Amino acid sequence: MQIRTDFLTLTFDPETLLFTIETPAHTWRQDESSSPKFVLRDGGEMPFLDADEIGHEYYKSGVGVGILSHYKWNETGFSFETLVWVESSTNSVRFELIPGEGSLDFKKVLYPGCFSFEDPAAYTVLPVLQGLLITNDWENEVSKLPFDGQFCSSGAYMPWFGQVEGGPGYIAICETPWDAGYYVDHPAGSSYTHVGTYLLPSLGEISYRRIIKYVFSDDCDYNDLCKIYRNYAIETGLLTTLREKAARNPFVDDLIGSVIVHKGIKKHVSQDSRYYDKDNPENNNLVIPFSARTAEIKRYHQKGVPKLYLHLDGWGAPGYDNQHPDYLPACPEAGGWEGFKELSDTIQDCGYLFGLHDQYRDYYLDAATYDKEFALHAPDGSVFEMSVWAGGKQNYLCATQAPYYVKRNFEEVLRHGIRLQASYLDVFTCNEPDECAHPRHRMTRRECLGYRSACFNYLWSKGILPSSEECSDWAMKTLVFCHYGPYDFMLQSPGSPRRGVPVPLFNLVYHDCMILPWFMDKTAGEDYMLYALLNAGVPYLDRDGAYPNTDGAFDSEAERRLDEEIARCRIVTDLHERLARQEILRHEFLGDLSRQRTTFSDGTTVTIDLKSGEFRINSPT
């Protein structure tokens with residue numbers, strides 16, 4: 001069966017259920033190993049080809065043409081349809097999975113299949129954290145991804161992936177990303193990369209139409225794919241610039257060009273925690289007085305730091321990552337509300353910005369108002385439990401409850417005269433969206449993201465800039481900045497094998513929409529300051545890792561000389577002041593992977609050399 005347009009030819013083989021897409025310069029064939037199938041919860045598989053009734057017909061509407069397929073299993077009555085059609089105005093190819101009747105206990109659907117992709121000179125780009133490029137001859141294995149590549153998590157800051165073979169390439173955009181993700185297969189020493197989409201059940205069902213859009217080009221690179229997605233983000237209303245956000249709250253302009261200081265107050269590690277130090281129990285408890293942090297702020301001001309944002313961990317009575325969401329009052333051992341307010345007032349007097357670390361997903365069993373009824377309930381009725389973080393045993397709080405707790409806690413903080421210009425709601429833009437089957441607070445993953453957005457919107461209503469852990473684009477309308485948006489290798493121990501070549505895919509789409517802090521560490525091989533400059537971000541002046549050897553906190557050396565660090569940060573903040581509101585037009589490698597350049601919409605170029613440690617900033621004015 002074949003569909004022809006002025007740009008491409010779509011061919012469907014009913015014997016394999018695979019498609020071939022031909023453009024003037026290239027032919028893309030779905031790989032024989034990727035015929036679509038359901039992966040069942042009992043470990044079995046159910047290929048689409050096993051259906052008792054299968055039918056295919058041509059499809060036509062006022063906006064496109066395609067092939068509609070019907071599948072049914074007679075014994076169970078389970079049925080569904082697929083529709084693959086070409087949108088006439090754009091020549092994009094849309095793969096759709098449409099629910100029918102009956103139900104199936106499935107874990108995921110592998111649909112649509114991946115393309116054969118075996119040219120050694122070709123490459124794949126994945127939205128892992130800031131971005132990853134995998135050449136087909138990349139020597140290391142690439143398979144396991146953060147959060148299994150689930151969209152709307154740190155495994156995929158944006159719901160797309162792409163492949164480029166010479167000039168021709170494509171981008172696959174998941175238009176229904178809430179219950180979906182992608183998988184990749186690149187064995188060590190191989191010369192191919194397969195990447196495809198999987199679809200998750202929503203509360204046990206297909207539930208709604210799932211859509212993955214493919215856009216093909218005969219002359220592109222990863223920069224062009226990013227711009228295709230940027231245009232998509234503009235069309236769908238996702239893209240919201242810093243200029244727009246600053247019009248809503250002028251603290252955005254104050255945050256631009258700031259250094260970031262990340263400090264804590266109280267640490268308490270439960271014996272149930274993975275991080276409990278049984279050999280040195282004294283390491284499990286620590287309190288830094290609010291007055292000590294106040295003195296540090298005054299020191300930064302005396303040193304001439306003009307703009308600063310303090311992100312404060314562990315400020316509540318239980319300590320960092322303990323007893324959420326019942327975190328109040330301010331830590332009594334550190335000085336209580338009085339000491340807390342003195343710190344807030346000092347930050348205000350210095351003209352700096354202040355924000356708090358808070359958490360509304362981890363639901364600790366020893367929290368004062370804990371009730372298992374309000375934890376996430378899986379469709380089978382089970383409640384997930386773990387004991388990893390400092391507070392020990394926990395479930396996950398159903399996000400339907402989070403906006404109430406955010407309002408309750410922040411109203412109390414503000415009532416005590418704590419002045420906040422920004423604040424951080426942990427993990428909302430890092431961890432995957434949740435679903436809950438409890439009948440009194442039933443919630444889909446898409447609704448979960450809505451409740452998380454409601455928490456950010458509450459902060460906006462109080463004049464507080466919202467922040468979260470990472471920079472997933474589902475939150476682009478409401479999020480101003482985050483803890484980081486790093487390259488994948490930056491969260492691994494130095495020297496670890498890399499999954500690919502770091503490329504700034506997220507910033508090529510959203511640089512002028514988000515304020516991203518960057519590490520300033522010097523490792524044995526690289527100075528991370530160069531990446532901060534290349535991406536025109538803001539720098540971490542001082543960063544206390546909450547847990548050893550996590551979140552990129554691998555530096556065990558003594559604190560470097562403060563004056564030197566302030567001088568390094570000043571270079572980065574000066575650049576951010578100039579370029580924060582500018583789009584990154586292009587990123588390129590200059591001869592080898594160590595020399596890179598970004599070009600901004602005002603004409604500025606930033607060139608770095610990772611081997612020599614040198615950088616050059618060329619401005620048009």
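Please determine whether any residue of the range 61-79 is aromatic (Phe, Trp, Tyr), assigned to a strand (DSSP E or B), open to solvent by less than 30 Å² (accessible area, probe 1.4 Å) and in contact with a Gly (Cβ under 7 Å, 6 or more places away or on another chain). Yes.
Would you be able to tell me the number of residues in the range 398-416 that are closer than 19 Å to residue 354 by Cβ and either part of a helix (DSSP H, G or I) or open to solvent by less than 20 Å² (accessible area, probe 1.4 Å) (or both)? So the answer is 8.
Is it fair to say residue 34 is open to solvent by less than 20 Å² (accessible area, probe 1.4 Å), in contact (Cβ under 8 Å) with a residue 60 or more places away in the chain and not hydrophobic (A, V, I, L, M, F, W, C)?
For residue 34, the condition - open to solvent by less than 20 Å² (accessible area, probe 1.4 Å), in contact (Cβ under 8 Å) with a residue 60 or more places away in the chain and not hydrophobic (A, V, I, L, M, F, W, C) - is met.
With respect to the stated conditions, residue 452 fails to be open to solvent by 10 Å² or more (accessible area, probe 1.4 Å) and either charged (D, E, K, R) or more than 30 Å from residue 187 (Cβ to Cβ) (or both).
For the range 417-448, a residue qualifies if it is under 28 Å from residue 354 (Cα atoms), aliphatic (A, V, I, L, M) and open to solvent by 10 Å² or more (accessible area, probe 1.4 Å), and the qualifying residues are 420, 427.
Okay, residues lined up against (1) out of contact with any strand residue (DSSP E or B) (no Cβ under 6 Å at 6 or more places or on another chain); (2) among the aromatic types (Phe, Trp, Tyr); (3) closer than 23 Å to residue 436 by Cα; (4) part of a strand (DSSP E or B):
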residue: 147; (1), (2), (3), (4): no, yes, yes, no
residue: 158; (1), (2), (3), (4): yes, no, no, no
residue: 161; (1), (2), (3), (4): no, yes, no, yes
residue: 166; (1), (2), (3), (4): yes, no, no, no
residue: 182; (1), (2), (3), (4): no, yes, yes, yes
residue: 188; (1), (2), (3), (4): yes, no, no, no
residue: 191; (1), (2), (3), (4): yes, no, no, no
residue: 195; (1), (2), (3), (4): no, no, no, yes
residue: 198; (1), (2), (3), (4): no, yes, yes, yes
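For residues that are over 18 Å from residue 448 (Cβ atoms) and among the basic types (Lys, Arg), scanning just the range 166-215, find the one that is surrounded by the most Cβ atoms within 10 Å (Cβ to Cβ). Restricting to residues being over 18 Å from residue 448 (Cβ atoms) and among the basic types (Lys, Arg), the top hit is 213.
Just checking, how many residues over the range 491-519 are touching an Asp or Glu at 6+ places or on another chain (Cβ under 7 Å) and either over 26 Å from residue 542 (Cα atoms) or buried (at least 24 other Cβ atoms within 10 Å of the Cβ) (or both)?
Final tally of qualifying residues: 3.
Somewhere in the range 458-465, is a residue open to solvent by less than 20 Å² (accessible area, probe 1.4 Å), at pLDDT 95 or above and of a type in the set (S, T, N, Q)? No, that holds for no residue.
Within the range 109-137, the residues that satisfy the criterion of being open to solvent by 10 Å² or more (accessible area, probe 1.4 Å), out of contact with any helix residue (DSSP H, G or I) (no Cβ under 8 Å at 6 or more places or on another chain) and not hydroxyl-bearing (Ser, Thr, Tyr) are 118, 119, 120, 121, 137.
Against the definition (surrounded by fewer than 17 Cβ atoms within 10 Å (Cβ to Cβ), out of contact with any Gly (no Cβ under 8 Å at 6 or more places or on another chain) and farther than 17 Å from residue 198 by Cα), how does residue 102 come out, yes or no?
Answer is no for this residue.
Considering the range 288-324 alone, what residues qualify as being of a type in the set (A, V, I, L, M, F, W, C) and either assigned to a helix (DSSP H, G or I) or modelled with pLDDT under 95 (or both)?
290, 292, 295, 297
Of a type in the set (D, E, K, R), farther than 15 Å from residue 111 by Cα, surrounded by 12 or more Cβ atoms within 10 Å (Cβ to Cβ) and at pLDDT 95 or above: does that describe residue 57? No: the conditions fail for residue 57.
Residues in the range 591-610 that are open to solvent by 30 Å² or more (accessible area, probe 1.4 Å) and part of a loop (DSSP other than H, G, I, E, B) were compared, and the one that is farthest from residue 577 (Cα to Cα) is 591.
Can residue 456 be described as more than 15 Å from the chain's Cα centre (by Cα) and within 27 Å of residue 397 (Cβ to Cβ)?
So residue 456 passes the test.
Those residues that are hydrophobic (A, V, I, L, M, F, W, C), crowded, with 20+ Cβ neighbours inside 10 Å and either more than 17 Å from residue 577 (Cα to Cα) or modelled with pLDDT under 95 (or both), I need them from the range 229-262; list them, please. Result: 239, 261. For residues that are more than 13 Å from residue 291 (Cβ to Cβ) and assigned to a helix (DSSP H, G or I), scanning just the range 338-352, find the one that is most open to solvent (accessible area, probe 1.4 Å). The extreme case among them is 349. Here the range 367-384 is the region considered, the condition is being in a loop (DSSP other than H, G, I, E, B) and in contact (Cβ under 8 Å) with a residue 60 or more places away in the chain, and the residue that is farthest from residue 428 (Cα to Cα) is 379. Would you mind stating whether residue 327 is in a loop (DSSP other than H, G, I, E, B) and either more than 29 Å from the chain's Cα centre (by Cα) or surrounded by 18 or more Cβ atoms within 10 Å (Cβ to Cβ) (or both)? Yes: the conditions hold for residue 327.
Listed here are the residues, each with its yes/no results for (1) of a type in the set (Asp, Glu); (2) under 15 Å from the mean Cα position of the chain (by Cα).
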site: 471; (1), (2): no, yes
site: 494; (1), (2): no, no
site: 499; (1), (2): no, no
site: 527; (1), (2): yes, no
site: 530; (1), (2): no, no
site: 536; (1), (2): no, no
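The values are calculated or read from the model by the stated rules, or taken from the named source; none is laboratory data. On a predicted model such as this, the values are computed, not experimentally measured, just so you know. Using ideal geometry, Cβ is built from the backbone for each residue, glycine included, and neighbour counts are taken over all protein chains shown. The protein model used for the area step is the full one, side chains on, heavy atoms only, and it has no ligands, DNA or RNA in it. Shrake-Rupley method; radii C 1.70, N 1.55, O 1.52, S 1.80 Å.
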